[in-house]
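Beneath this line is the structure, given in structure tokens, with notes to follow.
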Amino acid sequence: MTPGTVGAVTACNEIRLKDVPDMGYLRTDQVHKIGSKTIPCCGRGEICLKGLNIFQGYYKMPDKTAEAIDADGWFHSGDIGMWTPDGRLKIIDRKKNIFKLAQGEYVAPEKLENLNVQSKFIAQSFVYGDSLKTQLVSIVVPDPEVAK
């Protein structure tokens, strides 16, 4: 396993990336920009999964199931991923990930996470907020190559 990736695709699953043009993610993308960093990639888009071990739907909630699983049986995760040149899948964004803090401020954590990873010392970043709190928490993972 490589730090920052989700690991290998299991033999019982199919995974594909679906274009999300509204967010600027396409399966044909060859680069991914994070601030001033440009990273090579082999496509970006919403991660869709299919396989016998993927859930069949929400219990007694057909409308919610129809939102998550398309007519061809693909589960749309809501995660935005990219294929790395060595064939690994990396999660880079969410389709809808906005929360409201106690003071009424709406926050898109990806924007803050992307600001964090502009530092050459940070490989990954996670930002968390709670609607009962007025502040955020950010967890960062140092880049092991730069930290040496």
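Read-outs: derived from the displayed coordinates by stated rules, not from any lab. Predicted model, so just to flag it, every value in this text is computed and none were measured. Reconstructed Cβ throughout: ideal geometry from the backbone, glycine too, with neighbour counts over all protein chains shown.
Here are a few things to note about the model shown:
- Measuring max minus min along each principal axis, the C-alpha atoms of the range 97-148 give extents of 41, 15, 13 Å (largest first).
- Cα gyration tensor category, rounded, prolate or oblate, for the range 19-105 with a/c compared to 1.5: oblate
- Taking the Cα centre of the chain as reference, the dipole from Cβ charges on Lys and Arg (+1) and Asp and Glu (-1) amounts to some 200 debye.
- Shape class for the chain, computed from the alpha carbon gyration tensor (a ≥ b ≥ c): oblate, with a/c not under 1.5 and a/b at or below b/c.
- Averaging the sequence gap over all C-alpha pairs within less than 8 Å and six or more residues apart, then dividing by the number of residues, gives the range 97-148 a relative contact order of 34 percent.
- When Tyr25, Tyr58, Tyr106 are sorted by how many other C-beta atoms sit within 10 angstrom of their C-beta, beginning with the fewest, the order is Tyr106, Tyr58, Tyr25.
- Each label point was placed 7 Å from the Cα along the Cα-to-Cβ direction; for Asp70 and Asn53 their separation is 2.3 nm.
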